[in-house]
Amino acid sequence: MRSLWVRLTAGLVLLLALSCLGVGAATWVEMDRFLVGRLDQQLTESGGRFPASLEHDRWPDDAAHAEPDARGQAEGTFCARVADGRVTGGWVVRGRATVVTDLAADDRRTIVALAVGHPRTVRLARLGEYRMLAVRGRDGDVLITGLPMEPVESTVRRLLAIEGVVFAVVLLAAGAGAAVWVRVALSPLRRVTAVASHVAELPLSGGDVALPGRVPATGSGTEVARLSAAFDRMLGHIETSLVRRQRSQERLRTFAADASHELRTPVTAIRGHAEFALRRPGDAPEHVRHALRRIHAESARMGDLVEDLLLLARLDTGRPLAAEPVDLTRLVLDAVDDARAAGPDHRWTLELPGEPVEITGDEHRLHQAVANLLGNARVHTPPGTSVTARVVERPGEVAVEVEDDGPGVPDELRGEVFERFVRADPSRSRRAGGAGLGLAIVHGVAAAHGGRAELAAEPGRTVFRVVLPR
């Protein structure tokens, strides 16, 4: 796709070229008409004086061998006499004398057919184009006078050649000038493009975003100036919206962190009292013991939820995690063993390198992230599904992949699967007890280690991947 600068420059040059073509065509037509008109004027003013010397009264003794008087005639002037419907002869002025010219049969018929008093352009086989005029002679014959068209054609060709050179120079100069002028005129658009490209590369999905400076003002009233102003207003609106969204997210995260801290103590107390009551049931009825077991289970689940929220809060605040050597192969092996115990109906497979793979990180949090991926595959796939956990070494990084051949991730959720409180199936999530935080923790832990979380999904194959730097 050609740039706007090239298209505008080419358009201006094309318009100028069309204008030059129109001027050249008009000049050619007008110059040809003018020069032919001058020839007609000369023929009319001559009144047939040149061929009149061929009439019988000038050569009473031997009219058949009459020769016209060439004095005062221009080089190349043609004359002929038509008597009794035939051409008696044709002569052309060469220097100071006349030369008899041999006329072809077609030329003789053309000359005989000339209308009296109306100049006409005639092409003779041996002489080329002539402008001819026929007048009545004194003895009933027709006298033909002709002037060559070659000077007219030569003048027109020279004019066209000069115009072609001038127009070519003008087009080259105009093209260079138009290119410079269009580039200068479009310079504000290039600044808008540069700013827009910079904004497009910014991570606007979260966190504080510092938008670039505004496009410098370039006058007022022009389309480019209005575009720059509209772009600046759009940037201002985006910046305001991002600031408001960031403040809202910060307030929500602060509330979640504060609420988690406040809930942690009473949830722990409820869980402890339930455990104490279950260890000393005494004479409590069975329905009371069942209620205590439910209280203990739900308080444990709420405690896990509070811990997840606290972990996300710590990750949001950027608190550094532990930095210690972690054997990633051993970590994945242990996580798969735990998942196999929790989901015996699934087929679990391990693919590990021949040598241990060590990285620097927080072993507890990395184990939690891998366990979340395995738990996600177990919960959201039917029994009998094959789940494969593998460690893949890459240049400068290592990836932990969890692949399953289950139903996959819905298309509408693939772009937000790592967001918080996102559930693929709300009813199934409630049955499984999930709150939509597991993959968000995976993403947060990966980012805290300088890595990333990825999803590759297609029908019958889903791969969640945590990529970590070596």
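FYI, it's all coordinate maths here, none of it is from the lab. Computed from a prediction, not measured in an experiment: that's the story for all the values here. Positions of Cβ are backbone-derived with ideal geometry, glycine not excepted, and every protein chain shown enters the neighbour counts.
Ordering Phe34, Phe231 by the number of other Cβ atoms within 10 Å of each residue's own Cβ, fewest first, gives Phe34, Phe231. In deg cm²/dmol, rounded to 500, what helix-only [θ] at 222 nm does the chain give when every DSSP H run of at least 4 residues adds -39500 (n - 2.57) and the total is split over its residues? It lands at -18000 deg cm²/dmol. For Glu307 and Val116, the difference between the fully extended length at 0.36 nm per residue and the C-alpha to C-alpha distance is 57.0 nm. Only one of the listed values, [x] 21; [y] 63; [z] 26, was derived from the coordinates as percent of Cα pairs over 37 Å apart; which label is it? Answer label, from the structure shown: [y]. Taking other C-beta atoms within 10 angstrom as a stand-in for reagent exposure, Ile162, Ile441 fall in the order Ile162, Ile441, fewest first.
Arranged from highest to lowest average of other beta-carbon atoms within 10 Å per residue, in what order do the peptides 240-249, 107-116 appear?
Numbers: 240-249: 12.2, 107-116: 15.5.
The peptides rank, most packed first, as 107-116, 240-249.
Charged side chains reduced to their Cβ positions (Lys and Arg at +1, Asp and Glu at -1) give the chain a dipole of some 1080 debye around its Cα centre. What angle, in degrees between 0 and 90 and rounded to the nearest 10, separates the Cα long axis of helix 438-448 from the longest principal axis of the Cα atoms of the chain? Its long axis makes an angle of about 70 degrees.
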